[in-house]
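Have a look at the structure below before the remarks.
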Amino acid sequence: MKDKIAKVVTHLAEILQPGIEFKLQYLSSKLGVSKEIIRKGVDQMRANGINVVADMSTESVQLVKSSPSEKDVKPLSPVFGSRKRILLMSDAFLGSKLQQNSLVHAVIKHAEGLGVDFAIFLGNMIAGKPTSKTKQHYFLTDTEEQIQYARDNFPVSKKFKIYVINGPSDISSGKNVAEEIATGRDDLVAREDLFSEFDINGVRGVKVIAAHSKKSGPGAYTLSYPVENLAASQIGVSEWRHTGRQNFQIMIVGGHFVGMHQPPQKEGGYHMISVPGLYNPSDMMDGEKKIGSPMVGFVVMDLIFDEKGKFVKPIVTCYNLSGYTIEKDYLEEAPKRQPSAEGEPSEDQKKVLDCLLSNSASTGALSRLIGKDKTYVEETISGLQKLGFELIRDEAKRAWKIVRDRRVEFKPINIPWTEIQANYVEYLLYGDTQIGSDNDRPKLIPKIYKLALLRKVQKIFHAGDVTDGKDIYAGHSEHLVACGADNQKERMKKILVPIYKKHPEMPNTEVISGNHDMCRAYAGAGHDVVEAICDGVNALVGRKVLIYLGHDRGDSNCGRQPNKIKVRLLHPDGGIPMGRSYRLQETIRKLILVLVEEGDDIHSLAIGHLHVALFMLNNGIAGFMVPGMQGETDYLIRKALTPQIGCWVVRVCLDGVGDVISVTPEYFDEKELESM
């Protein structure tokens, strides 16, 4: 192994050029070794003092500068260590008319191309036992038939194992569905009901808990609450008291049709991840409480380990495939036709066929479609029947429908993955720097900008509360190291001006003001401290690098056509509800209603003020709660709030029509920023 890595290092030194990105896949193919060996080679180059940096989200590396002279060699920390890539899926609901098995096939095929090490299916492989209310949405109601159907039609992975947990619908059958489906399948491994533990990379690695909520569906008022509640219930109280740590590092939950990542509140805490489903349950929720729009998609999770095999963090990529679902995926695309039938349908007959393939339609509706009277429609339908097409009339609905055979072979639907991955926008989110507070973090801000350069983000966004303001609460002035607008303004300028003067290539920062910036002591006197900071920094740097978007809210376009997105920054009032995601999801819900009315579009929403970190992909919007840059204060203690310090580096990928298809939100906490 050492000889192989040494040879790879020699070849990489010949291939890599300063400032040019090289994909790991390209290097792997060119050198005829695995990507894991390439990663080890890059880490060895850094140990030799050669500054090769990596972009985890794109799996690419580049040389920052050429090799130093021997006397200047300083070993650099590894950027890769080791990695495990895991596909996370949930809720296929096979046997239901709402299933999306062609989409599941596309997911497995894509995951094989991504080099996934293994997959976890979080439950509800089959639709299970129907109720009198849901029976109309099933094409298979018998559990044995559903199990055989899943065994025959759930896609086979040729490159990795899929660990299957039983979800509520599986359990409703009264059978061990995962075990029965896995019988005779080399790629499937049955696990427990609702809950399963995975120890990855041994003692120094990571314990992952994968679970499915007992009640499925996107019906929770606070989408983060189910995973938060499950995670809290799994912390061993006795172990916590004796060791000061919980017995797992990652909690993954399926069943709530949303993609979400909540980083730990404190160092050594646990990550919480929600995984969307692979069918759309909306039609089965008539009359039930529906909160938002269920998301169809999946998650790919990279577990990052250091060179000693110790777990560092997960990097989550959440995929939204809601726009790629197929109506009646369980049926063949073509209508059923007698094998002996001859002749081709007319143009009007083709219009009728296309309409009925989507849904049943009345004679009147078909009349309006083709612009002819009802008698002509009846003759058109009669003509189709003579051509061998099975069209029948549903007297209860007074509508015509076409007979289609059940699909016997599923193929991956065509999703332009290459185009989607190429159409990306990358930006950095931070906020609540609270400059002037006795608990601000001025030394971390240059680290954030260093990260922005390393990751080559296109923009930097600040979500408000640049300064700590004055007289926000009783006794506030006692906790200020820089009191007053002028002092706080100068403190921030001293941080940002040297950064932009030293690095002309640094991307611009776009910023809004928050409630601390617009406090009565400042705004009441007609002073906008954030606008003054922007003007001051720009004047000293000699160009416009700090762009003021306004107070409390601001919109910005990020990226270049055709992959331009609109990012909205928001700095609200109030505190954190019982479930962390509530403020974010409600803001997205209300935003969607306004956007539809105005014909506008927002691709990403970043909320400051709350000093917590959370990512959610919901209704096609990449939503973020942006952590702060301020430690614990007396005020936060009185409010029983634990602040998170860090930032997000975000990669958003779009498809050809401008929909957000994948989001990779990488979180950097205070410790990781300090080490940069």
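The values are calculated or read from the model by the stated rules, or taken from the named source; none is laboratory data. Because the structure is a prediction, the values reported are computed rather than measured. No Cβ is skipped: glycine too gets one built from the backbone with ideal geometry, and neighbour counts run over all protein chains shown. For the accessible areas, the whole protein counts, side chains as well, though only heavy atoms, and no ligand, DNA or RNA atoms are used. Shrake-Rupley method; radii C 1.70, N 1.55, O 1.52, S 1.80 Å.
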Looking only at segment 615-626, decide whether some residue is at pLDDT below 95, touching a Phe, Trp or Tyr at 6+ places or on another chain (Cβ under 6 Å) and either of a type in the set (Asp, Glu) or under 25 Å from residue 312 (Cβ atoms) (or both). no
Filter segment 453-480 for residues that are within 28 Å of the chain's Cα centre (by Cα) and assigned to a helix (DSSP H, G or I); the one that is nearest to residue 504 (Cα to Cα) is 453
Going by the structure shown, is residue 671 over 14 Å from the mean Cα position of the chain (by Cα), open to solvent by 10 Å² or more (accessible area, probe 1.4 Å), touching a residue at least 60 places away in the same chain (Cβ under 8 Å) and over 17 Å from residue 440 (Cβ atoms)? yes
Among what's in segment 316-346 and is in a strand (DSSP E or B) and at pLDDT 95 or above, pick the residue that is surrounded by the most Cβ atoms within 10 Å (Cβ to Cβ). 318
Quick one: how many residues across segment 388-399 are open to solvent by less than 30 Å² (accessible area, probe 1.4 Å) and either assigned to a strand (DSSP E or B) or touching a Pro at 6+ places or on another chain (Cβ under 7 Å) (or both)? 3
What are the pairs with Cβ atoms under 7 angstrom where one residue, in segment 426-447, is in contact (Cβ under 8 Å) with a residue 12 or more places away in the chain and the other, located anywhere, is part of a helix (DSSP H, G or I) and polar (S, T, N, Q)? Sequence gap at least six, or different chains. 435/488; 436/487; 436/488
Considering segment 551-607 alone, what residues qualify as being open to solvent by less than 10 Å² (accessible area, probe 1.4 Å) and closer than 15 Å to residue 514 by Cβ? 554, 569, 571, 606, 607
In segment 112-157, the residues that are within 30 Å of residue 39 (Cβ to Cβ) and among the acidic types (Asp, Glu): 112, 117
Is it the case, given these coordinates, that residue 346 is among the polar types (S, T, N, Q) and under 14 Å from the mean Cα position of the chain (by Cα)? no
Before we move on, is residue 450 assigned to a loop (DSSP other than H, G, I, E, B) and either open to solvent by 60 Å² or more (accessible area, probe 1.4 Å) or at pLDDT 90 or above (or both)? no
Check segment 374-383 and report whether any residue there is in a loop (DSSP other than H, G, I, E, B) and either in contact (Cβ under 8 Å) with a residue 40 or more places away in the chain or surrounded by 14 or more Cβ atoms within 10 Å (Cβ to Cβ) (or both). no
From the list 576, 533, pick out the single residue that is farther than 29 Å from residue 257 by Cα and touching a helix residue (DSSP H, G or I) at 6+ places or on another chain (Cβ under 9 Å). 533
Here is a list of conditions, (1) closer than 25 Å to residue 410 by Cα; (2) in contact (Cβ under 8 Å) with a residue 12 or more places away in the chain; (3) of a type in the set (Asp, Glu); (4) in contact with a Gly (Cβ under 9 Å, 6 or more places away or on another chain), and residue 180 meets all of them except one; can you say which number that is? (4)
Counting only residues in segment 508-522 that are of a type in the set (A, V, I, L, M) and closer than 18 Å to residue 432 by Cβ, the one farthest from the chain's Cα centre (by Cα) is identified as 518
Quick check on this structure: which one of 243, 183, 222 is of a type in the set (S, T, N, Q), at pLDDT below 85 and either closer than 23 Å to residue 104 by Cα or open to solvent by 60 Å² or more (accessible area, probe 1.4 Å) (or both)? 243
Would you be able to tell me the number of residues in segment 411-447 that are open to solvent by 20 Å² or more (accessible area, probe 1.4 Å) and of a type outside the set (D, E, K, R)? 13
